[in-house]
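The values are calculated or read from the model by the stated rules, or taken from the named source; none is laboratory data. The structure presented is a predicted model; accordingly, all values stated were derived computationally and were not measured. Cβ placement follows ideal geometry from the backbone for every residue including glycine, while neighbour counts extend to all protein chains displayed.
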Amino acid sequence: MIIVGGSASSKLAAKVAKLLGCPVVNSEVTKFPDGESYVRVNYNFKDEHAVVIQSTCYPQNDNYIELFLLLDAIKDLGAKRVTAVVPYFGYARQDKRFKPGEAISVRTMCKLIERAGADDVISIDIHEDETMANFAIPAYNLTAMSLIGRYVARLDLRDPVVLGGDQGALPRAKRAAAEFMADYDYLYKIRQTSTKVTMRPKRLDVSKRDVVIVDDIISTGGTVIEAIKVLKKQGARRIYVACTHPVLVGNSLKKIIAAGARKVMATDTIEHKISVISVAPVIAESIR
Ligand code: R5P
């Protein structure tokens, strides 16, 4: 097996290769003078199982093009099998036609990954599990929530509650909480008027308790900031925030801290200064 690190995930690829004790090669990526992408991967792939690791975070379009070019080139260079590992799957939230005429972007990305030559696909905490059903090839969605739970368990929390940002995040909260036998719940949205929505934990009282909010993605931080405000009003003690994918656009991290988060933690599906948890073990385990 040979691990190929795309430019968005070269550090993660090196960690996966180290865990598996197999070689790693990085893609060489530049731009032609007219802006087109140039990709080269210098390795003899003949009869190899190549595992391409490339998150499709910002700049999403460049990172996707690099992924497509890598998959196609590696297949063409004689690899017997190519696995696409896309730890952060860009466009995953555009998975429906919310308004008439919209592109269902993630479906298009799935088609292109498959058509470019992937024999199987792996992602981590993709926004909706069902997205993997767009692939005709085997496609697996792993989770980083146990790793997040194990990290959080070392924080010396007092009477902790793990909260999913919404009902869909409840299984994530449950998985993280199981690592340190904490209570878990989710934030339930209550529509007060046609324009006003508030939220509260569905079952549990957070008063005087430490709270860990878990989510798949933090992008603008809007969801988490709203949750922090509400939890503070309800008397939560210290509030921690953990996510798999630290998209964190603009100054969203500052705003989350300013809203009252004690610490914000994430994995390295996207390289960020808060990426303190590596997903390399779950990737390595799945391709071993
Ligand atoms: C929503 O369903 C997701 O799980 C995240 O909560 C959301 O995408 C985060 O986005 P933002 O940080 O922009 O609120």
>> I'd like the full set of residues that are surrounded by 17 or more Cβ atoms within 10 Å (Cβ to Cβ) and either modelled with pLDDT under 95 or in contact with a Phe, Trp or Tyr (Cβ under 7 Å, 6 or more places away or on another chain) (or both), limited to region 232-260.
In response: 245
>> Need the failing condition index for residue 172 against (1) away from the ligand (no atom under 12 Å from the Cβ); (2) touching a residue at least 40 places away in the same chain (Cβ under 8 Å); (3) of a type outside the set (Asp, Glu); (4) surrounded by 15 or more Cβ atoms within 10 Å (Cβ to Cβ), just the number.
In response: (1)
> When you look at residue 90, is it within 23 Å of residue 229 (Cα to Cα) and either out of contact with any His (no Cβ under 7 Å at 6 or more places or on another chain) or within 16 Å of the ligand (Cβ to nearest atom) (or both), yes or no?
Replying inline: no
> So which strands (runs of 3 or more DSSP E) are wholly in region 59-169 and hold at least 3 residues that are buried (at least 20 other Cβ atoms within 10 Å of the Cβ) and not polar (S, T, N, Q)?
Replying inline: 81-86, 120-124, 161-164
>> I'd like the full set of residues that are without any contact (Cβ under 8 Å) to a residue 12 or more places away in the chain, outside any loop (DSSP other than H, G, I, E, B) and either touching a strand residue (DSSP E or B) at 6+ places or on another chain (Cβ under 8 Å) or within 13 Å of the ligand (Cβ to nearest atom) (or both), limited to region 223-257.
In response: 257
> Which members of region 216-270 meet the condition of being touching a helix residue (DSSP H, G or I) at 6+ places or on another chain (Cβ under 6 Å) and of a type in the set (Asp, Glu)?
Replying inline: 268
> So, of the residues in region 175-198 that are assigned to a helix (DSSP H, G or I) and within 16 Å of the ligand (Cβ to nearest atom), which turns out to be nearest to residue 222 (Cα to Cα)?
Replying inline: 176
